[in-house]
Each structure stands twice: as structure tokens, then as C-alpha cells.
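This report concerns only the one structure given below.
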Amino acid sequence: MIELRGVNKHFGSHHVLRDISESIGRGEVVVICGPSGSGKSTLIRTINRLEEIDSGQIRVDGRDIHAPGTRIDQFRSGIGFVFQQFNLFPHLTVLDNCTLAPIHLRGLAADVAEAKALALLEQVGVAEKAAAFPAQLSGGQQQRVAIARALVMEPPVMLFDEPTSALDPEMIGEVLLAIKNLAHQGMTLVCVTHEMGFAREVADRVLFMADGAILERATPADFFERPQHARTQKFLADIRSPFGRY
Amino acid sequence: MNDSLTTYVLYFLIGQYPNGPLGGLALTIMLGSSALVLATPVGILLALARISPWRTLRWPVSAGVYLIRGTPLLMVVFWAYFFLPAVTGHKTGQFTTMLVALAIFNGAYLSEVVRAGIQGIPRGQTEAARSLGLSYAHTLRFILLPQALRNMLPSLINQFVTTLKETSLGYIIGLQEVAFIASQVNSQVIVHPVPIYITLALTFFVLCFGLSRVAHALERRSR
């Protein structure tokens, strides 16, 4: 489904992605974790070309998305992307946030798009806020709207870039639950997150990144119980006892 | 005395109309509003060119905007006055000349307001729109411009008020707008310059203040 081959990217002299190769299958749920600055977010953003790459290839459903001739808008409408900061459109209601793209890109009639959007808002539990503006919603509600907004385009793949990192702790669960439901529906899902409980419960595979490279790929059970790489072991120890070992 | 006062007031309001061309306050309002209506789209188009991804569009337009912003309006008026007939091949009326000068000059200033407004929208908005598959043009039209124009309203109105006042420079090319008429009346009456020019000042003040109030009301409604 998603195929990365020898992907390299630099920010100036900083080599942010080092020769990344990885293959993600249809219906697979992959969690990417690692210390901050390791390139996780950059990596997931290259998959829908929010970031350009310097060399290598990224194929989604067989299409080379960084090739010069690729019709990027059409391609992106088939990949859902959820941001850390939600990025809802503040001047539009919740419902209009969700119907804008299907009306203008898929040519759906307004009432059809609205019915579809409402069904998805219902699914993520914010249908009663359809007429509200984003600023009137809590962070958790905004992020669930953002998920519904991406789902209206019926993407076969969803990418999540730290979807719960900007949320107050009590709202993390509701957003993770919405993502988990998607995973159970068989959606291909890539999620950058620090929520290790979520990784353990929902992921098929965990990728561990540090310094721009994928150091470890493992099932959640192996990743948490039998981490191979020293960096992984240290990372897991750090997140388990955030105050350090006394 | 009363008869001549009525004559002067009429002259002040509508110029020689209907026995001659329309002038005075009516002409000022017409020129000011036409200039706003023209300068706004000019400003938006120039701004879009200045932030466009295409260098061949961005560079010449940026140079043009800098050139005009670095020139007094009076120069632009003269330039339009002598340049337009030379280019088009026939004589341009004073109204059109002044309108073109105001639209270009204020378009250049407005373009900076619009540019700042668009660039002030958080990057995440563009990314969210593009990640849904919206094109650059769709993103501008549905996401960036609506938000930017709302944020820009105070600066836009500021520029509109300036435009309204700048119509008085039509004086210099003999356009019979309200300031020109006031000075005509003054040279006929001779003995009352103070009340005449106070009237002129108050007239401009009322126009500009009215525009500010309308803008203020719009701004409050859009919050």
C-alpha cells in the first residue's frame, strides 16, 4: 500500500531522513515513535508530499507521488491527514469544514455531502456540534471533527501526526478511541504518537525512529518486551520512568 | 445675497450640472467610490501575484509595487495625465485620468495589506486545505482570502479613507471635484476664505467619518 525506498531529506545541513525504506501493507496499523527531533513527523508528512524529498521513492497504491508529473491534488484527496494542531478552518462551521472538499472536489450536491458529513460526525461523537464554529469546541472535539473532515473523502489511508500531543490529558482517550475504531474497520493507518498504550493495543507494528533512521521494527509485544536496539531500550526506559532512575 | 448663497451651495454640491459637467461633492463621491471599487480587486490581484509560486510573475509585480509606493501620488497623477493619452492615442478625460491614477496607486498600497493578511494566516490552514486535495486556487478562495479579508478590515478601511481624501488631488489637473470648486467659490467671493475652507474640511470629515463608522459596524458584525 505504502512503499518507501531509499528516502533522504535534508533541512539545510541537517540530514533529517536517512535512507528510509519501509513497506506498509493494506489494512495495516503502524505506529511510529521515537524521541523528538528524530524525523517521525517529517517522514509522515512526506507520504502525502507536505514535505518534498531529496532522493528516493514513495509509492502509494503503486503511484510514485514525488514524481514530477503526479497530479498531487487528486492524490492527496485519497489520503486523510490529521494534524497535531487540528487545523480546522475557523471561519467555517463544523459541518462546512467537513463538506468543503467533497462538494468542490468530488462534485457532491450540498445535501448529499452534508448527510455524509453528519454520519461521520456521529461516528466520532460530535454530531451535535455540527452548527458550531471550531473555536466553540474543546480540543478533543476539534480533533474528532478533523478526523471526520478527512474521512468524508473516503480515503483508503489515514495518516496521523501526533494527533493527541496538543490535547489536555482528559481528552486524549476520546480521540484515541475514534482512531481505534477506524483501525478496527480495516483502514490502513499510520500514526506518529507518544501514546504507548495505544501502540500496544492497536498497532500491528511499531517503528522506532532516531536521528532520521528507522532503528527498529517490531510487533508491539516484541517492541515493549524485547527491544533489540540500545536506543529503543533507553527510550522505553525514559518514557516508563519520566523522572529518571533513582 | 441669499440667491448667490444658494448658487454657491449648489455649485459646491454638483458643480455646473445640469448646465455643464457634474462636479463638486457629487463628483468627489463618484470618483472616491469608483476608485475603491477598482483599487480593491487591483490590490488583491497584485497581492496574489506577489505571493505566487511563479517567479516570472512575482518579480515584475513586486518591482512595480515598490516603484509606485516609492512615488508621490502627485507624480502618478501627472504620469497618468501625460502618459495615458500617449499610449491610448486619444485624450483621456480628467475623471478617467484621476480614476486610473487612484486605482493604481491605492492598488499598490492595498496589495501590501492583502499580502500581509494572507501571509498572516497560520501555515497549518494551507496545509490542512492542501492535504484534503484542494488546489492552490481553491485554498486561496475558500480558506485564505475569507480569513485574511476579515483580519484586514481595519487596514483596508484606513486605506479607503485615504483614497477618499486623495480625490482632492484631482484639483491639480483641473478636475472639478469638491476642493477645486471650493477654491473657485473662494476666488469669486474673495472675502470669506475661512468659512469656505472650513466647510470643505467638514465635508471631507463627514465623508471619512461616515466610512469609518460603516466599517466599524461591519467589523463588529463579522466577529
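Of the residues making up region A:66-96, those that are away from chain B (no Cβ under 11 Å) and touching a Lys or Arg at 6+ places or on another chain (Cβ under 8 Å) are A:His66, A:Thr70, A:Val94. Taking region B:139-188, which residues are small (Gly, Ala, Ser) and without any contact (Cβ under 8 Å) to a residue 12 or more places away in the chain? B:Ser187 - this is the single residue of region B:139-188 that is small (Gly, Ala, Ser) and without any contact (Cβ under 8 Å) to a residue 12 or more places away in the chain.
Given the condition surrounded by 19 or more Cβ atoms within 10 Å (Cβ to Cβ), of a type outside the set (Lys, Arg), touching a Lys or Arg at 6+ places or on another chain (Cβ under 8 Å) and free of Cβ contacts under 8 Å to residues at least 60 places away in the same chain, answer yes or no: does some residue in region B:76-90 qualify? Checked against the condition, which is being surrounded by 19 or more Cβ atoms within 10 Å (Cβ to Cβ), of a type outside the set (Lys, Arg), touching a Lys or Arg at 6+ places or on another chain (Cβ under 8 Å) and free of Cβ contacts under 8 Å to residues at least 60 places away in the same chain, region B:76-90 yields no hits at all. In region A:186-206, which residue that is more than 14 Å from the chain's Cα centre (by Cα) and among the acidic types (Asp, Glu) is nearest to A:Pro163 (Cα to Cα)? Among those residues, the one meeting the criterion is A:Glu201.
Condition check: hydroxyl-bearing (Ser, Thr, Tyr) and under 19 Å from B:Pro41 (Cβ atoms). Does B:Thr96 satisfy that? Answer is yes for this residue.
The residue pairs whose first member lies in region A:97-119 and is within 13 Å of chain B (Cβ to nearest Cβ), whose second member is in a helix (DSSP H, G or I) and among the aromatic types (Phe, Trp, Tyr), and whose beta carbons are closer than 9 Å, counting only pairs six or more residues apart or on different chains, are A:Leu100/B:Phe142; A:His104/B:Phe142. Being crowded, with 21+ Cβ neighbours inside 10 Å and at pLDDT below 95 is the filter; apply it to region A:189-201 and report the residue that is farthest from A:Ser138 (Cα to Cα). Ranking the qualifying residues of region A:189-201, first place goes to A:Ala199. Can you tell me which residue within region B:134-172, out of those that are among the small types (Gly, Ala, Ser) and more than 23 Å from B:Leu102 (Cα to Cα), is surrounded by the most Cβ atoms within 10 Å (Cβ to Cβ)? So, considering only residues that are among the small types (Gly, Ala, Ser) and more than 23 Å from B:Leu102 (Cα to Cα), the one surrounded by the most Cβ atoms within 10 Å (Cβ to Cβ) is B:Ala148.
Counting residues in region B:23-40 that are closer than 19 Å to B:Thr167 by Cβ, surrounded by fewer than 14 Cβ atoms within 10 Å (Cβ to Cβ) and of a type outside the set (A, V, I, L, M) gives zero. When residues in region A:52-65 are screened for being more than 14 Å from every other protein chain (Cβ to nearest Cβ) and within 19 Å of the chain's Cα centre (by Cα), 4 of them pass.
Selection within region B:41-75: residues that are outside any helix (DSSP H, G or I) and either of a type in the set (Gly, Ala, Ser) or surrounded by 12 or more Cβ atoms within 10 Å (Cβ to Cβ) (or both). The member of this set that is farthest from the chain's Cα centre (by Cα) is B:Ser52. One residue alone among B:His138, B:His90 is under 25 Å from B:Val42 (Cβ atoms), out of contact with any strand residue (DSSP E or B) (no Cβ under 7 Å at 6 or more places or on another chain) and modelled with pLDDT under 90, and that residue is B:His90. Return a yes/no flag: does region A:136-144 have any residue that is in a loop (DSSP other than H, G, I, E, B), within 17 Å of A:Met171 (Cα to Cα) and more than 9 Å from every other protein chain (Cβ to nearest Cβ). Within region A:136-144 (the criterion being in a loop (DSSP other than H, G, I, E, B), within 17 Å of A:Met171 (Cα to Cα) and more than 9 Å from every other protein chain (Cβ to nearest Cβ)), the answer is yes, since at least one residue qualifies.
Scan region A:52-68 for residues that are hydroxyl-bearing (Ser, Thr, Tyr) and under 10 Å from A:Glu3 (Cα atoms) and jot them down. Before the answer, list the steps.
Looking only at region A:52-68, we keep the residues that are hydroxyl-bearing (Ser, Thr, Tyr), and these are A:55.
Result: no residue meets the conditions.
Which helices (runs of 4 or more DSSP H) sit wholly inside region B:111-192 and have at least 1 residues that are more than 10 Å from chain A (Cβ to nearest Cβ) and touching a helix residue (DSSP H, G or I) at 6+ places or on another chain (Cβ under 8 Å)? Spell out the reasoning first.
On the way: elements: B:123-131, B:145-166, B:178-189.
The qualifying helices (runs of 4 or more DSSP H) are B:145-166, B:178-189.
If you scan region B:18-33, which residues turn out to be outside any helix (DSSP H, G or I) and under 20 Å from B:Ala201 (Cβ atoms)? Across region B:18-33, the qualifying residue is only B:Gly23. Scan region A:101-128 for residues that are buried (at least 16 other Cβ atoms within 10 Å of the Cβ), over 21 Å from the mean Cα position of the chain (by Cα) and assigned to a helix (DSSP H, G or I) and the total you get is 8. When region A:153-180 is filtered for residues that are within 16 Å of A:Gln141 (Cβ to Cβ) and not in a loop (DSSP other than H, G, I, E, B), the ones remaining, listed by number, are A:Pro169, A:Glu170, A:Met171, A:Ile172, A:Gly173, A:Glu174, A:Val175, A:Leu176, A:Leu177, A:Ala178, A:Ile179.
The values are calculated or read from the model by the stated rules, or taken from the named source; none is laboratory data. As the structure is a computational prediction, the values presented were derived from the model and not from experiment. Please note: Cβ atoms are built from the backbone with ideal geometry, for glycine as well, and neighbour counts cover all protein chains shown.
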